[in-house]
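Laboratory data are not the source of any read-out in this text; all were calculated from the coordinates shown. Model, not experiment: these values are computed from the prediction. Note: ideal-geometry Cβ built from the backbone for every residue, glycine included; neighbour counts use all protein chains shown.
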Amino acid sequence: MELDKLPIGCSVRVFGLKKKTDNNGRTGHVASYLEERGRYQVETPSGQKMLLLRENLEVLKTEETKTTTATTAATATASPSAERQPASSAGDEAKDGASAAAAAGAESLAAKAKPRRRARSRSRSRSHRRSRSRSRSNNNNNKSNNRNNSRSRSRRRRSPARGRSRSRGRKEEAAPAAARAKSRSPRRAEASSTIPGGGRAAAAAAGKGEKGIAKGKGKGASQREFQVSKAMARVLRHTAAGQGLVIRPDGFCPVEGLLALQEFRSFGCSLADVQGAVNNNDKKRFELLQEADQVFVRAVQGHSIKAVADDELLTRLSSEKGNLPTVCVHGTYRRHLASILLQGLLVGGGTSQRNHVHFAPFDPGDGRVISGMRYNCEVAIYLNLEGAIKAGVPFFQSANQVILSPGVQGVVAAEFISKVKDLKTGQWLPSLDPAQVQ
């Protein structure tokens, strides 16, 4: 059965859709008819436009009535038999038409009076939800700002002295800071002249001033250099042999082999990165060596690899050579002191696999201490270095001035401890009896 063509502007209802079933039941009006596609463009009250076949459109009842009435009137006008109808029949027909029109008008008014829920498209509902969430977050931010402003106002009321501008405060503090900088400048010059390599290492050491002990990460090093430096220390001190990297008795490894390891390939590490890590390390942990066309790198101390020989890597200390430092001090924590006074100093602290006990050749707080002691040590243990060497305990010194000893069977005996200082109070311990140490 062929359906009649719909006039432009008539109201229709959508039905029978199999794909976009959400549109079934929606109403609208015919906006246009696309002849080449055989489809009607229907526009809903919300502005949505759909291209639909005639078989999916149902003309609303009011429109069907109007269409029927118009068709009947046109037929009556065109047909000659209609002109020959009796007057009474025409009058009855007119009455019936009038009553039908009245009924249709009543239905139309009822349909208009009945409130219809406006269909909302998915896109509109999503945008509505997003706008509501944005408004809630804006409200929360406004509340937070109001609370912060009220707190700051209350602080200003409680403390009138804080009303001064920050710039004025900085100017007032500039003079004492300048005086302190002048008082420290000779110390920095001394550190620069005494620390091997000068440059960043000297600045880092002297920059600690009276707090003394430098931390491990160079201030001039980037985050990438720091990561490369940590990886180099781990491999060159501890894991080279286990990863198949050739390491010589003097501790040197070929840079080419180092860069071939997965850990360094994941960084995209190059020779320039290794050189940067060596030059910018404030504790001077590494050294480079060029032999012919090959470049080598090594850690100067801190090894646990047994293939590295002390006499190849380090400088042996002896009374005959006259190269003994005047100070030999080991930094540790208060909780370990009683055990050390009882058992002596253990290689690796008794917990790690390192080859040596580490000492510094300067007092804690001396800007020249760049390695050999942690910056946050609580206790300084001083050693009778000359007496220990005469008793047969071997001692060495690294290129970055750290004093190292493998001990005798892994122990530097407690009998060579000469004195102990509490670094928090600055007081010397009156007794070295382990029972009296708290």
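Return the subset of K5/K61; K19/K49; K390/K419; K230/K284; K230/K283; K283/K321 for which the Cα-Cα distance in this structure is over 21 Å, preserving the input order.
Checking Cα-Cα distances, K283/K321 exceed 21 Å.
Taking a point 7 angstrom from the Cα of R224 along the C-beta vector, which residues in region 258-287 have backbone N less than 11 Å away?
The answer is 267-270, 272-274, whose backbone nitrogens lie closer than 11 Å to the label point.
State the dimensionless ratio Rg/Rh of region 314-436 (Rg: radius of gyration of Cα atoms; Rh: Kirkwood radius).
That ratio is 0.93, to two decimals.
Sort 33-41, 361-369, 244-252, 400-408 by packing, meaning the average of other beta carbons within 10 Å per residue, with the highest value first.
400-408, 361-369, 244-252, 33-41
So for the pair L432, S319, with labels modelled 7 Å out along Cα→Cβ, what separation do we get in nm?
Here the modelled spin labels are 1.7 nm apart.
Roughly how many nanometres apart are two label points built 7 Å out from the Cα toward the Cβ at K306 and N24?
Between K306 and N24, the simple spin-label model gives 8.2 nm.
Hey, for a label at Q409 modelled as a point 7 Å past Cα toward Cβ, could you say which residues of region 337-377 have their backbone N under 15 Å away?
In region 337-377, the label zone of Q409 (backbone N under 15 Å from the point 7 Å along Cα→Cβ) covers 343-347.
For region 343-392, what log10 I(q)/I(0) values come out of the Debye formula at q = 0.14, 0.28, 0.32 1/Å, with one point per alpha carbon and no solvent?
-0.43, -1.26, -1.28
Could you go through region 272-285 in sequence order and give the Karplus-derived ³J(HN,Hα) for each residue, using 6.51 cos²θ - 1.76 cosθ + 1.60 with θ = phi - 60°, rounded to whole Hz, and x for Gly and Pro?
Values, residue by residue: 5, 5, 5, 4, x, 5, 5, 6, 9, 6, 6, 9, 6, 6 Hz.
Tell me which residues come under 5 Å, amide H to amide H, from V300 once H is placed; ignore anything under 5 positions away on its chain.
Correct list: F286, E287.
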